[in-house]
Each structure stands twice: as structure tokens, then as C-alpha cells.
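Throughout, read-outs are computed from the coordinates displayed, never taken from laboratory work. Keep in mind the model is a prediction, meaning the values are calculated, not measured. For neighbour counting, all protein chains shown are included, and Cβ atoms are generated from backbone atoms with ideal geometry for every residue, glycine included.
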Amino acid sequence: MSALRYLLKGGQILGGKAADLLIADGRIAEISASISDKDATVIELKGSIVLPGLVDLHTHLREPGREDSETVASASRAGAKGGFTALSAMANTSPVADTAGVVEQVYRLGQEAGFVDVFPIGAVTQGLHGEQLSEIGAMADSVARVRVFSDDGNCVFDPLVMRRALEYIKKFDGVIAQHAQEPRLTVGSQMNEGIISSKLGLKGWPAIAEEAIIARDVLLADHVQSRLHICHVTTAGGVEIIRWAKARGIQVTAEVTPHHLLLTDDLASSYDPVFKVNPPLRTSKDVMALREALADGTIDIVATDHAPHTNETKDCEWAEASFGMIGLETALSIVNKTMVGSGLMDWAAVADRMSTAPARIGRYSNHGQSLTVGSAAHITVINPTKSWVVDRDLVVSKSRNTPYHGYELPGLVTHTFFGGRATMLDSKVIDKVVQK
Amino acid sequence: MSCHTHFGYPQRPEVADIVTHASFNDPSCEVGKEIYMSVALSAQDISRALTRISHEILEKNHGSSDITVLGIPTRGAHLAARIAAIMSSIEGKDIAHGTLDITLYRDDLRLRAPRAIMPTSIPPTGIQGRDVILIDDVLYSGRTIRAALDALGEVGRPRTVQLAVLVDRGHRQLPIRADFVGKNLPTSEKQSIRVALTEIDGVDEVVIEGEAN
Amino acid sequence: MRHLLSINDLSAIDAIGILDTATELARINDGQVKKLPTLRGRTIVNLFAEDSTRTRISFEAAAKRLSADVINFSAKGSSLSKGESLKDTAQTLQAMGADAVVIRHSASGAAQRLADLEWMSGSVINAGDGTHEHPSQALLDAFTIRKHLGKGASDLTGLRVAIVGDVLHSRVARSNVLLLSMLGADVVLVAPPTLLPVGVESWPATISYDFDSVIPNVDAIMMLRVQQERMTDLFFPNSREYSRYFGLNSERMSAMAKHAIVMHPGPMNRGLEIAADVADSARSVIVEQVTNGVNVRMAILYVLLAGGPLEVGSN
């Protein structure tokens, strides 16, 4: 590893005072008002915001099994483009990540790609079937050191299975990340159940199917004293339940996706499946409640739920299309638009929700250390004065299913550093030089 | 994502496309251009022409017993009703008359927005073996009459088809001619003829407007 | 390109224009003229990815009476049933040169996708997409109501129509609620609570769970087909209970206003939502709806295809 030195000059550290920051030997060597270093590459960052490297707790890397839509390598590059230095690989691959073998494979692929740390998530149940626990211990003790377990894509719907899982992971300092969707209430569901779905003739996905599972699981987590994380909260009702649970001291954390902070279900009126996602886009009332919850910490983190899909699975009628949107490359701009731009959060809070807190929940010890001297140099820079227009033909991800094509977003991520290596400079991803 | 424009389906044409008395003195008419407007037929001229045509039809057909008068909507239909009434008062008996809409048989449908279909009403005596007198207000290219012949062909087989028009303005594009003409009005193609009838426009007159050459 | 994907594509004037055109065409069809040259040289494709005999034949008859060429593409036994995508099917048909596509599909929004993505050029006419809309059915229903009850008016102001049955899954109900209310009628939806969608309160219609209280006060009753599968999906306990509360039997028919008519888009479940003797009674206009369907579909094809591109401000 070459000892590259970078001197980041004049950026606003965590959105606060402008300062210089020196990267050396993969670490943050110094932060002070004015640094000079003749060996360092100087990068002028006046007007930009310097954040700790973003950590995504919910990413679909599709490898192994669906490499036509994304691979660990392509997702890692997309992560670098979005300012991420850590991704969490969801387990719904093919084969499912329910054994040490699969998670170690994904972990190694991430290391080889070298753009981000890929932390594999292990399945809660074998094959995601919701019946038998998977080899949670083996995965926790593997090289991948899995701490987050999720059947995401599916809900752990059986209350007994959920109870056992919550109890079992206590031995491994784990957390169960639940995809809250009561299956009996969402058979064949296509979009949020409401006025729009009744007009469009699309089968509804009612909010209570999410809220009922959240309610059940926070009570279970309380009863067995274990850690619970709620993936992609989308409803105002869900927010209220989590707020209640936290007030009682229940160990629950929650995430919201960038698209649920911005988009609403009326977008389905075009029947364009780029807006088809699970859980679905909901109403503006829900969007407002989610933004307030993220601001006050009821929702702990932003997680992308980056879900790549090939063109054929989106270029068809709504009912036939896959659920999901990509989101790594637009996440920080969306959070800027919806939370910072609206005055609900400052950049220090963004750093908490998108770096510190996710790293804490996932137990990623090398990440989320904020910007402190001596910590690993995982750094993200965003220029809030520059806006950019999303073009689906120019995305770094292998898939093009972004709902923001043609939108202008405020705030451009310009630089990403992963352990001191520049993975993106001037908004261009820098591929590794292969060393023999 | 996409715009679905309303059809803009046309309502039945009413007064919008003709020049009324009021607009003759309309100061908002274009200034600085040589606009030629003149009244070619007054209300009295029209009345005399229709009376003459009615007599001519009866003369040529040796009475009214086998005649069916069919007007082409919109104004042709009103003229047909008038002619039938005149012939009826001359002969002292009812004259079979009705309307024949030719919209669905036009050869120029694709050139413009969809046109409203007007009523077609064939009298109970039908047209089979009868002398059909088609009535229209203006004969110009002849295409309307060609379409009317096609429409008639679907209804039955008349013994003869004859044509009476209020105005023949020349410039035929097909080998069609009128048997009975109210007035021949030679025009240039840059000019237009406006026919106003009391039933629709509140006044009877025929106006030529446009540049002479 | 002009399309008819939803009743929302029409203004009240457009809709009345279609009904008026259909009225004239009905007169022509009643006379000796069965074939008009208006759409000679045009090709219309019936893309029926979902089974339907009556709607397809209706559109086919309408197209042929206007001298258009018709290509029928139905799902069964075709490449569509073997997994070929709608897009590929559409592009294949496009290569054959279609001026219009009449599409019926089991997915809501399929017609709009066809129109928006321009996999085919030409007009797209929605003949029923999933549970979303069925505009030509609503137009023929409005035509039928106007003919019997309209008293010469151009629209349906002051008329009261009950739509009864599985509203939740009915594209006929959705299109009719939009069109009938646009034309000035009052619409009441009658159904068990399980068969009314969440969000129906926002529709331009009133709701009732009590069929008997509604019957004497309406001018037309439109019965919707109830599928047997709804019982296994827990929408109501069994057909006996459904018929008891929501079936139109002779007793209910005798409580109707003297002038009121009975309608059904077909196909009927005789004995479930409608009794056989009601379906065959003098009040029933169900068979006439089929004839009206051809005339209304001719009017739709005429308005969409006969003219050229719309000029702004054209009269």
C-alpha cells in the first residue's frame, strides 16, 4: 500500500468551521486551521462539507447469483460514487447468505474490489424461508464477523421464530434487522393502499401490515431483552410505535431510505415501474413524519436499500415488474435536499445518521469514528453549492433503475477516501492500480 | 410522463365560421391589406333563386311524384327544406325530403381534426327507383358530391341523381356538374364564399371575401 | 398521438360527441347500410392478452363496419402465453404496421405503458386493463342510459344510477363512476364492505351497504359480475349470503321505479348476482348493451382514427 498523502484544505469539518485535514498512511494525521505539507497532494475544498465516510446498513449487492444486475465490485464503485466507505450486503442472494461459506465469499469479493468495506449480512432463517434458524454462530465467527442478521426481502413473520432469533443473537452481540411486512395482508400487493391505488386498480399494501409487525417485534425485543433494528420504515404509524418503544427503553433502532424521505405514491399514476418498490412509496403525511423522526433521532439512520434490477424486469407492465430502486449514488444529495436544505438537520447530524450510528448498530469498529485524529481516513466530501441532473445512462451501478432520472439534485459528492485511498476525486471514481 | 390531450371533439358547427353583418364594420378587421368583401346575393336574390330552382326541378321531372329531395348538412339541409316547401305549395301536396350526411364518405378526413357526424334522414318513400335531388349550398371541387353519390349507393339505387346548388363557384376537381344553379359566381381560389341562412346565421345572404387576384 | 386509455382522457364535450356520433351510426346501421368506407386502408390490431370473446368481437365488428383491416392477436396459444413480453409482442405487431391497437390485458396500466413507451406508434385504445378501467364499456353504458332515460338531453344530469357488486375488482365500475358523474348523473355504489376499495370515499359517488334502500330511488341498476374465487379469498362467506343481500332477484326488481332499467356488462352469473328471470325481463337492456357496444366502438374508432392530427384551435 503506497503511502499517499492528501491535504484537504479549507473544507467545513462536519459542516462546522473550515479547517485543513491531512491524510497520511491511511489515517487522519492532523486537523487544524492551517496545515502545510510539501509531500501531500493538495485538494482545495473551500465551500465544501467534509464528513466521515458514509456507512450503508442496507445494500443489495446481488452477488452471488444475480450478477447481471450488479456485482460486489460494481456496487462498491457505485458506493464510492455516492460517498460510501462501507456497505452491508443483504443476504437474499442466490445461494442465500445463510452459511459461513457464502458470507466469507462476499467479504473477500469486497476486499478484492477495494472501494469500500463490504460487511455481509447473514440470513436469520435458512433459505429465508422463515422456519429454521440459519448458522448464525458460524457466520458471526467467520472472517466476515457478521453481526447484522436479516431475511430482508422477506419478513420473519412467525412470532416464535422471531422470538428465538432475538434470543439467540444475544450470544453473538448481534441485531435482527426486520423487514416488517405481514405477508397475509400483502398477498399480491403492488403499491401503497390508499386513494391512489383505488383509482389505479393496483392491489394495495396497507400501512398496518408494516405497523403490526413493528409493534409485535418491539414487544418481543423488550420481553427477551435483545437488539432489534427495523429496516426501511415508511409509515407515520410505524414512527409512533418506535418512538413509544424507545421511550420505554426498548433496544430498537430504525432506518429510513432516501426515497421514502422524498417520493410519494402518486408517482405510481404513470404506471412506470421505476417507482415500484417494497415497502412502497406512501403519502406526504408519512414523508413528513419520517423526516421529523430522522431529525429527532427516533429514526437512527439513513440506509439506501439500493436494489439494482435489470432493464427487462422494469420495462414492462407494473404487475410484472420487480420491486426496487438503486440509491447509492443519489443518497447524500437527497438527504441534503430533504433534511439539510429544509433546515431539519445540520451536517453534524447527517454525519451521525449516515456514518456514526450505522457503524455502531452494525458493530463496524473501523467506521463511523467521526473525523478524529488517528482514526482510519474514511472521508466523504460534498459540495452543497453544486447541483447536478441525474442521468440514468451515466450511473456507475450496473443497473439503471433510478427514480430520479432527469431530476436536478442539490449537492454533489466530489471526493471519497477509503482508508486513505482516494476512491473518487472530482466526482470521478478512481480505480485501483493493480499492484503485482 | 406523457400528455393525453383531450380530443377537442368538435361541436356541431354553428356561427363561428361566417361573416355576419356586424363584422363588416368591425374595426379589428385587418387594415393595410386589400380585402375585398361584397354581397353577391341578397336575401331577395336568394329567395328568387330558390323559387326558380323549385320550378325548374318540377319542370324537368314532370311533377313531384317520384322526387326525393335530400339536403347535404348543414346549410344544404335547410335549403332542401325550403325548396321542398316551395315545391309543396306549387304542387299542393307533400314532397318527400330529408338529409344525407356525407362525413363518413369524405376523402379528405385525414387532413383535419375529426368532424362531427350530422344527421342522415331518408324519408319513408326511400330512394330506390326514385329521382333524387341533392341540394347543397356551394359547389366547388365536387368532392362533396362524389361522397354523396357513394353514400347514396349504400342506401339504394335511385333512377336518377340530380344536383341543385345555390352557388356554383367553379374550380371543379372532378367531372361533376350541377343540374340547377342559383347563381354562377366565378371566383379565384384565394377568395372564399360565405353563405348565411336565417335558420342558422340569422340572415340570408351570400358574401364573397378575399383578394381578387 | 391520440389514445383512449381512461375516461380521464375525455372532457364532457368529447364524451357527448362520441355518444352523438354513435347515435348517428346506430341510425345508419339500422338502415340498409352495414359498411362505411371511412377507415378503409387502416389496420387495427386487437391485442387481447386476456381472454374475452364479447369485447374483442365487438371491436372487430366495429372496425370492419368502417372498412378497416383487423388483425387479431389473442393470448392463448400465442407467444405471449409462452412468456414473450408485452413489449416484444408490441414491437412485432408494430412491424406489421398498425394504425391502432385495441388492448386488453390483465395488468392495470398495461395500456398506458403501451402508449407512453411508444413500443408501437398509432392510437392505443384500452379495452380493459386489469382492475383499472374499461372506457368503451362506460361509454356504451352511458349511451344506453341516455337512450332510455335521457329524454332528449345531451347529458345525464339528474339521473341516478346504482352500481352493484364487486366494485373493488371492477374496471367497469371505475370507468362508469368517472363517466356517469362527468355527465351529471348521481352514482351510488352498493357492495359489501369487503368489496369496496380503501379510498372509495374520494370517488365521485355515494356508498351504501343496503341494496333494498337504494332500489326504489334509482333510474338504472348496473349489476357487476361477482367471481366465484372471491369466496375463497374471504370477501364474503358464500354465494347464498351474497345473493341474499346483493343479488337482483324478482322481488327486488318489482321494487324498482316503473321506468328503471337493469344493466349488466356481462358475462352474467345467472343466479348469483342476477336472477335469470330478471336478466330476461322487459326491464333488462342487457342484450341491447351489446348492440350499442358496436356503435359506440365505431364512434370511438372514428373519432380517434378518421381525422388527422389535431390543430390547435381547430373548430
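Count neighbours as other Cβ atoms within 10 Å of each site's Cβ, and list the trypsin sites (Lys or Arg not before Pro) in the range C:116-200 that are DSSP loop with at most 15 such neighbours.
Working: sites: C:Arg146, C:Lys147, C:Lys151, C:Arg160, C:Arg171, C:Arg174; in loops: C:Lys151.
Those satisfying the criteria are C:Lys151.
Inside 10 Å of the C-beta atoms of C:101-112, what's the mean count of C-beta atoms belonging to other chains?
Details: counts 0, 0, 0, 0, 2, 3, 10, 11, 13, 6, 2, 10.
Mean partner shielding for this stretch: 5.
Please compute the average number of Cβ atoms from other chains found within 10 Å of each residue's Cβ in peptide C:126-135.
Values: counts 0, 0, 0, 4, 8, 5, 6, 3, 0, 0.
The mean count of partner-chain Cβ atoms within 10 Å per residue comes to 3.
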Residues with amide H under 5 Å from that of A:Ser88, placed H, sequence gap 5 or more: A:Asp56, A:His58, A:Thr59, A:Phe119
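Could you work out the local net charge near B:Ile57, counting Lys and Arg as +1, Asp and Glu as -1, over the other residues with Cβ closer than 12 Å to its Cβ?
Details: positive: B:Arg52, B:Lys60; negative: B:Glu56, B:Glu59, B:Asp66, B:Glu91, B:Asp131, B:Asp179.
Cβ neighbours under 12 Å give a net charge of -4.
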In the calculated pair distance distribution of the range A:67-113, what percentage of Cα-Cα distances lie above 15 Å? 43 percent
Kirkwood Rh and Cα Rg combined as Rg/Rh, the range A:303-418: 1.01
Those lysines that a straight Cα-Cα span of less than 19 Å connects to C:Lys151, excepting residues fewer than 8 apart in one chain: C:Lys258
Treat each spin label as a single point 7 Å out from the Cα along the C-beta direction, and report the B:Tyr36 to A:Glu312 distance in nm. 7.0 nm
Kyte-Doolittle mean at least -0.5 and Cα extent at least 20 Å along the axis: which DSSP H helices of chain C qualify? C:12-30, C:135-149, C:286-301
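Assuming R0 = 25 Å, what is the FRET efficiency of C:Ser85 and C:Thr232, from their Cβ-Cβ distance, to the nearest 0.05?
0.25
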The range C:134-246: C-alpha gyration tensor shape, a/c 1.5 cut-off, then a/b vs b/c: prolate
Starting from the Cα of A:Asn366, step 7 Å along the direction of its Cβ; do the same at A:Ser269; then give the gap between the two resulting points in nm. 4.9 nm
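Counting DSSP beta bridges with both partners in the protein assembly as shown, what percentage is antiparallel, nearest 5? Kindly include the intermediate steps, with their values, before the conclusion.
On the way: 41 of 125 bridges.
Percentage antiparallel, nearest 5: 35.
Nearest 500 deg cm²/dmol is fine: what mean residue ellipticity at 222 nm does the protein assembly as shown get from its DSSP H runs of n ≥ 4 alone, each adding -39,500 (n - 2.57), divided by its residue count?
Numbers: 28 runs with 278 residues, N = 964.
Helix contribution divided over all residues of the protein assembly as shown: -8500 deg cm²/dmol.
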Rounded to the nearest 0.05, FRET efficiency between A:Arg184 and B:Ser121 (Cβ-Cβ, R0 60 Å) equals 0.45
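Let me spell out the model: positive unit charges on the Cβ of Lys and Arg, negative unit charges on the Cβ of Asp and Glu, origin at the Cα centre of the protein assembly as shown. What dipole size does that give, in debye rounded to 20?
Result for the protein assembly as shown is approximately 720 debye, rounded to the nearest 20.
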Counting other chain Cβ atoms within 10 Å of each Cβ in A:199-209 and taking the mean gives 5
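In whole percent, what relative contact order does chain C give with Cα contacts below 8 Å and a gap of six or more residues?
Working: 581 pairs, mean separation 60.1, N = 315.
Relative contact order for chain C comes out at 19 percent.
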Mind checking which lysines have their C-alpha under 26 Å from B:Lys60, skipping anything on the same chain fewer than 8 residues away? B:Lys93, B:Lys183
Simple spin-label estimate for A:Asp158/A:Leu344, 7 Å along Cα→Cβ, in nm, reads 3.8 nm
Would you please name the chymotrypsin sites (Phe, Trp or Tyr not before Pro) within the range A:126-218 that are DSSP coil residues with at most 12 other C-beta atoms within 10 Å of their C-beta? none
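Students often get this wrong, so check it: of A:Lys38/A:Lys428; A:Lys170/A:Lys432; A:Lys199/C:Lys35; A:Lys199/A:Lys285; A:Lys9/A:Lys398, which have C-alpha atoms separated by over 28 Å? Write down the numbers at each step before the final one.
Numbers: A:Lys38/A:Lys428 25 Å; A:Lys170/A:Lys432 39 Å; A:Lys199/C:Lys35 38 Å; A:Lys199/A:Lys285 19 Å; A:Lys9/A:Lys398 34 Å.
The pairs that break the limit, which is 28 Å between Cα atoms, are A:Lys170/A:Lys432; A:Lys199/C:Lys35; A:Lys9/A:Lys398.
If you average the sequence gap of Cα pairs under 8 Å that are 6 or more apart and divide by the length of the range A:70-141, what percent do you get for the contact order? Walk me through the numbers on the way to the answer.
On the way: 116 pairs, mean separation 24.8, N = 72.
34 percent.
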Kirkwood radius from Cα pairs of chain C plugged into Stokes-Einstein at 4 °C, 1.567 mPa s, gives D in µm²/s equal to 64 µm²/s
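Please compute the alpha carbon radius of gyration of the protein assembly as shown, then divide it by the globular-protein estimate 2.2 N^0.38 Å. Two decimals is fine.
Details: Rg = 36.7 Å, N = 964, 2.2 N^0.38 = 29.9 Å.
My calculation over the Cα atoms of the protein assembly as shown gives 1.23.
Could you state, as a whole-number percent, how many of the C-alpha pairs of the range A:52-362 are farther apart than 33 Å?
Above the 33 Å cut-off, the range A:52-362 has 17 percent of its Cα pairs.
Go through A:388-397, B:97-106, A:54-63 and give me the packing order, highest mean Cβ count within 10 Å leading. Working shown, then result.
Working: A:388-397: 15.1, B:97-106: 23.7, A:54-63: 28.6.
Averaged packing, sorted descending, gives the order A:54-63, B:97-106, A:388-397.
In the range C:14-55, which trypsin sites (Lys or Arg not before Pro) are in a loop and have at most 14 other Cβ atoms within 10 Å, using DSSP for the loop call?
Values: sites: C:Arg27, C:Lys34, C:Lys35, C:Arg40, C:Arg42, C:Arg54; in loops: C:Lys34, C:Lys35, C:Arg40, C:Arg42.
The qualifying sites are C:Lys34, C:Lys35, C:Arg40.
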Taking B:107-116, C:5-14, C:123-132, A:269-278 and ranking on average Cβ neighbours within 10 Å, highest first, one gets C:123-132, A:269-278, C:5-14, B:107-116
